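The values are calculated or read from the model by the stated rules, or taken from the named source; none is laboratory data. Bear in mind the structure is a predicted one, so any value in this text is a computation, not a measurement. Quick reminder, even Gly has a Cβ in these numbers, built from the backbone with ideal geometry, and neighbours come from all protein chains shown. The accessibility values were calculated without ligands, DNA or RNA, using every heavy atom of the protein model including side chains. Shrake-Rupley method; radii C 1.70, N 1.55, O 1.52, S 1.80 Å.
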Amino acid sequence: MASITLDNLGKVYPGGTRAVGDVNMQIADGEFIVLVGPSGCGKSTLLRMVAGLESITEGEVRIGDRVVNTVEPADRDIAMVFQNYALYPHMSVRQNLAYGLKNRGTSKAEITRRVDEAAEILQIGQFLDRKPRALSGGQRQRVAMGRAIVREPAAFLFDEPLSNLDAKLRVAMRLEIKELQRRLRTTSLYVTHDQLEAMTLADRLVVLNGGQVEQIGTPLEVYRNP
Ligand code: ADP
Ligand code: ADP
């Protein structure tokens with residue numbers, strides 16, 4: 001686990017659009033931060049800068065005490081959970097979970113240990129030999145989370161992970177993420193526009209507006225003083 005620090009973080013896109021400006025925040029070890037705000041306020045840009053999927057034009061991102069501005073995404077020790085599941089269709093669930101670890105040279109025994117642990121946490125043990133197409137939307141989303149968990153990253157980044165699910169599944173998966181958070185206590189930055197997700201998951205909420213931090217606080221603090 002590690003803290004994440006954003007220090008005067010800013011982004012001006014080529015062409016001149018300022019998407020993010022002067023963002024300062026520290027996400028403590030094990031803390032779950034939810035980033036909310038209106039469409040176009042810079043949530044996705046901010047998350048992608050932390051992930052290394054978007055270049056940083058001002059300030060810095062630190063993971064632990066390492067400045068990662070120019071570090072490749074794969075070397076940042078973070079895992080991202082996307083709203084589209086991005087599973088390999090021709091591989092079984094087990095292979096999907098193991099694939100990234102195999103590529104990194106993790107031992108067979110260690111891969112088995114991590115895959116079994118993730119399967120247990122996410123309750124997908126009975127689906128390990130199925131292909132993604134034989135899974136429901138919620139099950140696929142769990143496998144996508146499993147792929148992040150097996151990396152045992154210092155931090156998780158969630159990009160609206162539940163927005164493709166129907167209302168009922170969204171509730172179920174929200175509770176699962178809450179349980180995941182309780183068990184793993186991994187530092188997390190979670191982007192959503194769903195107020196219920198924000199309220200139930202956040203240790204602290206960050207409200208972005210026009211690329212800047214408008215409010216930071218516990219859900220109670222933020223929703224009491226809107
Ligand atoms: P959100 O995720 O909160 O909807 P975004 O980070 O996607 O916000 O967008 C923030 C601002 O940056 C918006 O004004 C958007 O139009 C602009 N923007 C996003 N991506 C690009 C891009 N690749 N090039 C130029 N402008 C962009
Ligand atoms: P991997 O074999 O590690 O799963 P992929 O081929 O799926 O990698 O993706 C390409 C790159 O993205 C790899 O360098 C990998 O380390 C990185 N990567 C894969 N999954 C994630 C994730 N969930 N979060 C962050 N980086 C990832």
### Query
Does Ala2 satisfy the criteria of being under 17 Å from Tyr190 (Cβ atoms), within 16 Å of ligand 2 (Cβ to nearest atom) and either under 18 Å from the mean Cα position of the chain (by Cα) or open to solvent by less than 30 Å² (accessible area, probe 1.4 Å) (or both)?
yes
## Note on the structure
Picked from segment 111-134 (must be basic (Lys, Arg) and outside any helix (DSSP H, G or I)), the residue least open to solvent (accessible area, probe 1.4 Å) is Lys131
### Query
Can you name the strands (runs of 3 or more DSSP E) wholly within segment 135-226 that have at least 1 residues being out of contact with any Ser or Thr (no Cβ under 8 Å at 6 or more places or on another chain)?
187-191, 204-209, 212-217
### Query
Do we find that Glu110 is more than 9 Å from ligand 2 (Cβ to nearest atom), under 22 Å from Leu157 (Cα atoms), out of contact with any Lys or Arg (no Cβ under 9 Å at 6 or more places or on another chain) and free of Cβ contacts under 8 Å to residues at least 12 places away in the same chain in this structure?
no
### Task
List every residue pair whose Cβ atoms sit under 9 Å apart, with the two residues 6 or more apart in sequence or on different chains, where the first one lies in segment 34-46 and is open to solvent by 20 Å² or more (accessible area, probe 1.4 Å) and the second, anywhere, is near ligand 1 (Cβ under 6 Å from one of its atoms) and part of a strand (DSSP E or B).
Gly40/Ala19; Ser44/Ala19
### Residues (more than 18 Å from Val207 (Cβ to Cβ) and surrounded by fewer than 23 Cβ atoms within 10 Å (Cβ to Cβ)) located in segment 181-196
Gln181, Arg182, Arg183, Leu184, Arg185, Thr186
### Query
Which one of the conditions (1) surrounded by 13 or more Cβ atoms within 10 Å (Cβ to Cβ); (2) closer than 19 Å to Asp159 by Cα does Met91 fail to meet, given that it meets all the rest?
(2)
### Task
Output yes when any residue across segment 148-157 is under 23 Å from Gly30 (Cα atoms) and open to solvent by 70 Å² or more (accessible area, probe 1.4 Å), and no when none is.
yes
